[in-house]
Amino acid sequence: MSESNSETKSNYAKLLDPKSTVDEKLEIIEKNVKARLSVLLGIKTASIPDQFNYIVDEVVAARFSRIGNEGMKSSGQDGLTLVFQDDDFSKFKNEIDEYRTGNTTGRQRGRVMFL
């Protein structure tokens, strides 16, 4: 078994273990969120630019609240129903795409003329 596969299993076990601390769980989730966001942004390092820290915070919070319900679209108990997004990064797609294309000023209107 490879070390990375073993680490993944260990991390998942910690996330599901009720004896694990909140800090341990948040650390694992944050590491995974940063790794995924770096791929989406197209950067090679795990160092996320500061302007995307809010994305890390929001996705970590969403994933933390979903521990034990991974893979579910919704969960219900005692009249409370939770509906989960398919992709936690989808609501940040515009910001991520703008960063990747270098268009950080937002959409601009222009004109094209053919002669």
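Each value in this text was obtained by applying a stated rule to the coordinates, not by laboratory testing. It should be emphasised that the depicted structure is a prediction, and the values quoted were computed from it without experimental measurement.
Are any of the pairs Lys9/Lys34; Lys19/Lys91; Lys19/Lys93; Lys9/Lys91; Lys19/Lys44; Lys25/Lys91 more than 27 Å apart by Cα-Cα distance, and if so, which?
Numbers: Lys9/Lys34 19 Å; Lys19/Lys91 33 Å; Lys19/Lys93 35 Å; Lys9/Lys91 29 Å; Lys19/Lys44 34 Å; Lys25/Lys91 24 Å.
Where the Cα-Cα span goes over 27 Å, the pairs concerned are Lys19/Lys91; Lys19/Lys93; Lys9/Lys91; Lys19/Lys44.
Quick one: pull the percentage of alpha-carbon pairs in region 14-64 with a separation above 16 Å.
Result for the distance tail: 39 percent.
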